């Protein structure tokens, strides 16, 4: 229903004023909470973003796109993921990495990776479910997955989002050993 | 829009290489599929052959080697044959409704083990749309049980269910010899249990009413018949309301045979366009062909027309008398009537019994002008000397009976020369039970009839059309060159004969057809 990053949070037009106020009170002051008038109101399904880049549903309004660029402070790209227009549900990414729909072809993966400037991998979550963002949520140091997620899926998620080393003190070490990348 | 539609519309599509994901259970790298699990994990989670039966049973009759399809049909099938495969799959159909059978084959089992194993490959949708294919083994147990007809047969081998009684009320058996050859040629008596000869006819016994009906249909197509059927109750099961009957078909063949002289009743003559009351019967198939020898007009009577107003023959071929031809005067040129050639002529003839003894010479009108030569012999009906006692003749007032009617050419002299030398061909016969109660006289008559029949076949190629003649391996052709000049004894040309295969009956039925 909503999409946001460190700069702001976008909520659909159906949010009540009370809810809006509550959100503004709960979040830190730098985070701008904005209600947008958009026909496609399930913003979580339509927008996938991190702190620098956002992927949106190809049919999103121009004004919405400008709003996203303005409030979230990101570069907006209209894209599809493995032929699905609901980019927000079929892929999810953080500033470290991203996971996309398993049927994404290699060319698409490369293209998306170039756009987003993060490493991407095609995989599944919740025991083979293709709807990635509906099964997990992730930020730079933590990820939460559904109960059915198998060990293989967990290891893929950990490796692509770089969560294993993402303890606060490890980030500093990471910058030192920059040459060796680990993969499954 | 689907990718395939885009491609079909001619748009440029960049190449799409399918990437690989890790199987969510075991972690092995694999191309993505709807379930996103590798095949092994999928198969271990989902068993698509879950609801399928592993054992089934079949009922088998060892006598006639057929399998029971409930409730009552028995299907003949050999081990590991196509019919058996279809039969087994049909028995499994209600149980395999939820899977799709891609392939089915037999696994070899010992023939005496009473087990039939079938390996099926089934396809079914599992989880989120992934289609799995798996192989599944089913074992059929064969239970032995005699089918109804075999058990009835075992209990009483003479038990017949349907009988066909063929009768013809004439004093000779030529029609039955002819029919025997037809039946042999077309295999119409394949299903008979027994064949019994009776006075003036033959009885055929069948195990099934439909076989009898098929046989009766075959006979009706070969000769004009009138038939009726009756049934007799044998047993009655009041609980299931079933009745067992014995069916009898009484088939009467019309008494008119080839070469019979007939005096048509006035009504029939009128319906046929005032055909001269004296006619000769030229051919009997499923209709009777009649020829008026003085006007060369012919007519056909089929079974219904005949039995509507039946009539008997005036004189039959047993009463043919030999004539010697003294002179022939052609009246008209040779014409073709119904496939045979005739020519009107006046002939001066004398009976062979009179020839030399007295001067009885008859001038008769005949239809055989193209065959007769002075000095030749012919067979005909002696109306001058015959004592005619027929109702029909009396009905015609002022009918002028000719002295004689010539019917066919005689080869008697030539036959005398060749007597005892045998023929180059022979015929097969049905295995009938002969009714021997009437003694020697009948046997002699029967042998004469058969000899006449064989001569008939030799002389008429159109009769041979529906028969199979076999090469007689015992015949040695004589070294003396055949006759000088004039007519030769008609014989069957060699290319019409079939070489007989010297193998037993059982092997014959397995091989199917006889080699030519």
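Brief remarks follow.
- Burial ordering of B:119, B:351, B:167, fewest other beta-carbon atoms within 10 Å first: B:119, B:167, B:351
- The range B:91-133 and the range A:81-139: distance between their alpha carbon centers, rounded to Å: 40
- Helix B:174-186 and the longest principal axis of the C-alpha atoms of chain B enclose an angle of approximately 20°.
- Look at the stretch B:461-470: the mean tally of other chain Cβ atoms within 10 Å of its residues' Cβ atoms is 0.
- Principal axis analysis of the Cα atoms in the range B:223-356 yields extents of 81, 36, 27 Å, listed in decreasing size.
- Volume in Å³ per residue [convex hull over Cα atoms, computed for chain B]: 337
- Take each residue of peptide B:23-36, count the partner chain Cβ atoms within 10 Å of its Cβ, and average: the result is 5.
- Alpha carbon Rg of chain A, scaled by the compact-globule rule 2.2 N^0.38 Å: 1.04
- Amide N of the range A:100-131 lying under 11 Å from the label point, which is placed 7 angstrom from the Cα of residue A:151 along Cα→Cβ: none
- Mean Cβ neighbour count within 10 Å, used as a protection proxy, ranking B:274-285, B:319-330 highest first: B:274-285, B:319-330
- Kirkwood hydrodynamic radius of the protein assembly as shown, from the reciprocal of the average inverse Cα-Cα distance over all distinct pairs: 36.3 Å.
- Compared with the direct C-alpha span, the chain from residue B:452 to residue B:194 gains 90.2 nm at full extension, assuming 0.36 nm per residue.
- Within chain A, percent of DSSP bridges classed antiparallel, to nearest 5: 55
- Counted residue by residue at 0.36 nm each, then reduced by the alpha carbon distance between them, the extension gain from residue B:332 to residue B:348 reaches 4.1 nm.
- With q set to 0.11, 0.15, 0.24, 0.25 Å⁻¹, the log10 of I(q)/I(0) for the range A:39-124, from the Debye formula over equal scatterers at the Cα positions, is -0.25, -0.47, -1.20, -1.29.
- With the convex hull drawn around the C-alpha atoms of the range A:1-78, the volume per residue stands at 73 Å³.
- Cα long-axis angle, helix A:62-71 against chain A (0 to 90 degrees, to the nearest 10): 70
- Taken residue by residue and averaged, Cβ atoms of other chains lying within 10 Å of the Cβ of A:99-106 number 5.
- Pairwise centroid distance, computed over Cα atoms, of the range B:240-264 with the range B:265-334, Å: 24
- Share antiparallel - DSSP beta bridges, the range A:1-78, percent rounded to 5: 40
- Tilt relative to chain B, helix B:209-222 - C-alpha long axis, 0 to 90 degrees, to 10: 40
- Taking only the C-alpha atoms of the range B:163-288, the Rg (one decimal) and the largest Cα-Cα distance, Dmax (whole number), read 18.0, 64 Å.
Each value in this text was obtained by applying a stated rule to the coordinates, not by laboratory testing. Quick caveat: nothing in here was measured; it's all calculated off a predicted structure. Cβ coordinates were reconstructed from backbone atoms using ideal geometry, including for glycine residues, and neighbour counts include every protein chain displayed.
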